[in-house]
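The next block holds one structure in the form of structure tokens; read it before the comments.
The values are calculated or read from the model by the stated rules, or taken from the named source; none is laboratory data. All figures in this text were calculated on a predicted structure; none of them were measured in a lab. FYI the Cβ positions are ideal-geometry reconstructions off the backbone, even for glycines, and counts take in every protein chain you see. Calculation scope for accessible area: heavy atoms of the full protein, side chains included, ligands and nucleic acids excluded. Shrake-Rupley method; radii C 1.70, N 1.55, O 1.52, S 1.80 Å.
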Amino acid sequence: MTDRFNAMVIDLVDGKPVAGFREITTADLPDHDVLVEIACSTINYKDGLAITGKGRIARRTPLIAGLDLAGTVVESRSPAWKAGDKVIVNGWGLSETESGGYTRYQRLKPEWLMPLPDAFSFEEAMAIGTAGYTAALCVNALEDWGMISPGQGEVLVTGAAGGVGSVAISLLAAKGYNVTASTGRPETHDYLRYLGASQIIDRATLSEKGGALQKERWSGAVDAVGSVTLANILAQTVYGGAVAACGLAGGADLPATVMPHILRAVTLIGIDSVMTAMPKRARAWKTLADHLDRTHLVKMTRIEPMSALPQLAQEIVSGRIQGRVVVDVTR
């Protein structure tokens, strides 16, 4: 075991969160029951907010950042896990109230760990990460609601070129849905069509304040934007349709009315990936294993060293990352 290793640590400086690299040892890690040697992590929008300080994500400091990790159990005081087990962790307060995955080693609570799905390598699991797992939660929730059917109507995906959007498009297209992608980046159009989007709209068409009830269009939607965009999606959703909301890239407000809900029976489904129960997590990962096109996953993924995190964080919060980024914590 390496004596000293780098970690991306968030500290509070003059009342503000500041992230930076620090050399630590296993003695600096939390006193949880399972020690994991991390192979890789990833970067999500929330990670970008945490590292740049543009969002108060870390609610206690000092704290090691990183929502996700994949690696191998080194030591365990829990009978649930043994040395050599390959595991992944998504959420559970990592980077918020608990130290996370931007480090070579991490101690974790046994109930946070999930076996690495047989279908994926460490790198593939982190190419999916919280963003892709959230996309699967959204797709499952929409199908559970029962108002969308493959080949019928349109399913909208916002923030389409981002991590959640990319995986959601691939999953929905693989299941036979007619997917419309919303993006403000024309240079991603070919990429989105490759993933399976049959139509592409400019995000500007959804970002201007509209009426409480608009022309019905969407049978369902996966929204990672929030704010005015989500209000317009609800106003455009067909009678009995549903919207799975999982993000706030456009803002945390929701300037909407009850009209779509009480006159068109439109349902807003909130999707949380952090504290989701294990059965739902396992089902989401099965959806990914069964329906995520591996060639799509390769197309949407790049691998970067942990040393690039400051730059990657700036890129993701400004909407300049396409698809997914695997973070190699050994570099």
request  = Only bridges with both residues in the chain count here: give the DSSP antiparallel percent, nearest 5.
outcome  = 55 percent
request  = Enumerate the calculated ³J(HN,Hα) couplings along segment 258-263 in order (Karplus 6.51 cos²θ - 1.76 cosθ + 1.60, θ = phi - 60°), each rounded to whole Hz, writing x wherever the residue is Gly or Pro.
outcome  = 7, 4, x, 6, 9, 9
inquiry  = Compute the angle between helix 227-236 and the longest alpha-carbon principal axis of the chain, please, reported from 0 to 90 degrees and rounded to the nearest 10.
reply    = 40 degrees
query = Lysine pairs in segment 14-152 8 or more apart or on different chains: how many have alpha carbons under 16 angstrom apart?
reply = 4
ask   = What accessible surface, in Å², does a 1.4 Å probe find on ASP31, ignoring ligands, DNA and RNA and rounding to the nearest 10?
value = 120 Å²
ask   = Once amide H atoms are built 1.01 Å from N in the peptide plane, which residues 5 or more positions from LEU69, or in another chain, come under 5 Å H to H?
value = VAL89
task = For segment 150-196 and segment 233-276, compute the distance between their C-alpha centroids and round to whole Å.
result = 18 Å
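Given a 1.4 angstrom probe, what's the average accessible area per residue across the chain, in square angstrom? It would help to have the intermediate numbers written out before the result.
Working: 13540 Å² over 331 residues.
Per residue, the chain has 41 Å² of solvent-accessible surface.
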request  = With θ set to phi - 60°, apply the Karplus curve 6.51 cos²θ - 1.76 cosθ + 1.60 along segment 279-292 and write out the HN-Hα couplings as whole Hz, x wherever there is a Gly or Pro.
outcome  = x, 5, 4, 4, 5, 4, 5, 5, 4, 5, 5, 7, 10, 7
message = Let me check I've understood the local charge: for ALA308, count other residues with C-beta under 14 angstrom from its C-beta, Lys and Arg +1, Asp and Glu -1. What total comes out?
response = -1
query = Taking only the alpha-carbon positions of segment 129-241 and ignoring solvent, what does the Debye formula give for the base-10 log of I(q)/I(0) at q = 0.12 Å⁻¹?
reply = -0.35
query = How far apart, in nm, are two points set 7 Å out from the Cα along the Cα-to-Cβ line at PHE21 and at GLU111?
reply = 3.6 nm
note = Going residue by residue through segment 121-128, the Karplus relation 6.51 cos²θ - 1.76 cosθ + 1.60 with θ = phi - 60° gives ³J(HN,Hα) values, rounded to whole Hz and with x marking Gly or Pro, of 7, 4, 5, 5, 4, 7, 4, 6
request  = Kindly provide the helix-only [θ] at 222 nm of the chain, computed as the sum of -39,500 (n - 2.57) over DSSP H runs of four or more divided by all residues, to the nearest 500 deg cm²/dmol?
outcome  = -8500 deg cm²/dmol
request  = Net charge near GLY159: determine it from the other residues with C-beta under 11 Å of the C-beta of GLY159, scoring Lys and Arg +1 and Asp and Glu -1.
outcome  = +1
query = Which value, in Å to one decimal place, does the Kirkwood hydrodynamic radius take for the chain when every pair of different Cα atoms is included?
reply = 20.1 Å
task = Roll a 1.4 Å probe over the protein heavy atoms and report the accessible area of PHE5 in Å², nearest 10.
result = 10 Å²
task = Arrange the residues LYS175, LYS109, LYS299 by how much accessible surface each exposes, largest first, with a 1.4 angstrom probe.
result = LYS299, LYS109, LYS175
inquiry  = Taking the full set of protein chains and a 1.4 angstrom probe, give the accessible area of TYR45 in square angstrom, rounded to the nearest 10.
reply    = 80 Å²
